[in-house]
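Q: Starting off with a structure, shown below.
The values are calculated or read from the model by the stated rules, or taken from the named source; none is laboratory data. Just so you know, these numbers come straight off a predicted model, no measurement behind them. Here the Cβ positions follow ideal geometry from the backbone for every residue, glycine too, while neighbour counts run over all protein chains shown. For the accessible areas, the whole protein counts, side chains as well, though only heavy atoms, and no ligand, DNA or RNA atoms are used. Shrake-Rupley method; radii C 1.70, N 1.55, O 1.52, S 1.80 Å.
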Amino acid sequence: MRGWQVEIYLGSCLFILLLLRTALHANRLFRHEFDARQPWDYSIPSSTGRDKEEEVDYAKALTRKRIRQIQFDELMTPDGDLYNTTTGMKRLIDHINDYSRCTHRAIPPLRGRKTKNASRTVRETAQWKPDEACMFDPGDHAERFSNLYTCSIGDVKITIPKVPSFVIIGAQKGGTTSMFNYLMEHPNVRPSMNSFLSNGMRHEVHFFDFEWRALEQYNSLQNKSDFYCHVAKRYVEINFDVNAMLKADLYGRTLVSFDKTPRYILRPNIPAKLKKTCPWITKLIAVLRNPVDRAFSEFNMDSQRMISVEETPHSFD
């Protein structure tokens, strides 16, 4: 073959690979549909057609579902001696419930998913609007909390729970999903909101790689400290169960949550973003694996996704 023919051949191969990669990315983003107006649907697909090993995993998933539903019901229902001690304490717990309901309503549709209530644009959700913000104020009961972070946006004081406790930054196909499942076996570990909203199908948060772009692009705050405070507030409120974390802190219970996003390890500037935005996060966990085994595992995963693209019809926004 002549030189120009080789160049045309290689260019065609690269173009085909680019198309396959684009199809794979589209399948990754739009594979499922969710309605964010019903964020607490814990339904688990039927076990029909599963083998024995999958049946065991299915039974474990059902057990975890029931345990977490009970935990959620206990935290959302204001009961117990603490609630009935004083009028002030009753108001505080009611305030936590109102604050958490506000944050739940503010949770945007899952990134890339087709939803029915995506009424607000990216610009509207990324900008700081104090009149529409969900606010938590412990008031005279601040001393009862030991895990709160405070900052300010202009003259507005912001108080949020210190969550997550740590971040799993990677690596993809290195065992992060297994680590997630092992951690979720502990009753004092709370998953991210993405895990709740997707019925456990999507664990990754992708805040500091994807969401960060919109926050920087549509930032209307001139002061850097105001911007980082706004980012921290949004990161915590839309990605973690603030109701459970605040009540656990108030009741003196130990409850932790974490962010698992393996793509973070590919972005060298993300640790600096985390430090400026969430200074309470001091633990970044990287799960490493033999690079050849990891690359082969990713190849198998991408191959399965490409097959899924060919066999399954999808509708895109």
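Q: For segment 93-106, just list the computed ³J(HN,Hα) in residue order, Karplus coefficients 6.51, -1.76 and 1.60, θ = phi - 60°, integers in Hz, with x standing in for Gly and Pro.
A: Ordered by residue, 3J(HN,Hα) equals 5, 4, 5, 4, 5, 5, 5, 5, 5, 5, 5, 5, 5, 7 Hz.
Q: Give the dimensionless ratio obtained when the Cα radius of gyration of segment 160-317 is divided by 2.2 N^0.38 Å.
A: Expressed relative to 2.2 N^0.38 Å, the Cα Rg reads 1.14.
Q: Averaging sequence separations of C-alpha pairs under 8 Å and six or more residues apart, then dividing by the length of segment 170-285, give the relative contact order as a whole percent.
A: Rounded, it is 41 percent for segment 170-285.
Q: So if I place +1 on the C-beta of Lys and Arg and -1 on the C-beta of Asp and Glu, and nothing else carries charge, what would the dipole magnitude of segment 184-253 be about its Cα centre? I want it in debye, nearest 20.
A: Here the size comes out at about 140 debye.
Q: Give or take rounding to whole Å, what are the principal axis extents of the alpha carbon atoms in segment 148-208, in descending order?
A: That gives 44, 25, 20 Å along the principal axes, largest extent first.
Q: Output ³J(HN,Hα) for segment 125-140: one whole-Hz value per residue in order, computed from phi by the Karplus curve 6.51 cos²θ - 1.76 cosθ + 1.60 with θ = phi - 60°, and x for Gly and Pro.
A: Once θ is set to phi - 60°, the couplings for segment 125-140 become 6, 7, 7, 7, 10, x, 5, 9, 6, 7, 10, 10, 9, x, x, 6 Hz.
Q: A further question follows. Looking at this model, which pairs from 233/273; 129/233; 157/233; 224/273; 60/247; 162/283 are more than 18 angstrom apart at the alpha-carbon?
A: 60/247
Q: Label-point separation (nm) for residue 140 and residue 60, each offset 7 Å from Cα along Cα-to-Cβ?
A: 4.9
Q: Additional query: If amide hydrogens are placed 1.01 Å from N in the peptide plane, which non-local residues have theirs closer than 5 Å to the one on residue 163?
A: none
Q: Tell me, what is the per residue accessible area of segment 120-264 in Å², probe radius 1.4 Å?
A: 42
Q: Roughly speaking, to the nearest percent, how much of segment 205-313's 1.4 Å accessible area is carbon and sulfur?
A: On the way: 2880 of 5410 Å².
In segment 205-313, the share of accessible area belonging to carbon and sulfur is 53 percent.
Q: Work out from phi, with θ = phi - 60° and the Karplus expression 6.51 cos²θ - 1.76 cosθ + 1.60, the ³J(HN,Hα) of each residue of segment 283-288, listed in order in whole Hz, and give x for Gly and Pro.
A: Values per residue, Gly and Pro as x: 10, 10, 10, 10, 9, 9 Hz.
Q: P(r) for segment 198-283: what percent of alpha-carbon pairs falls in each 5 Å bin, starting at zero?
A: Once binned at 5 Å, the Cα pair distances of segment 198-283 give 3, 12, 21, 25, 19, 13, 6, 2.
Q: On a full-extension model of 0.36 nm per residue, what is the gain between residue 295 and residue 253, subtracting their alpha-carbon distance, rounded to one decimal in nm? If you can, show how the numbers build up before the last one.
A: Values: separation 42, 0.36 × 42 = 15.12 nm, distance 4.11 nm.
Result: 11.0 nm gained on full extension.
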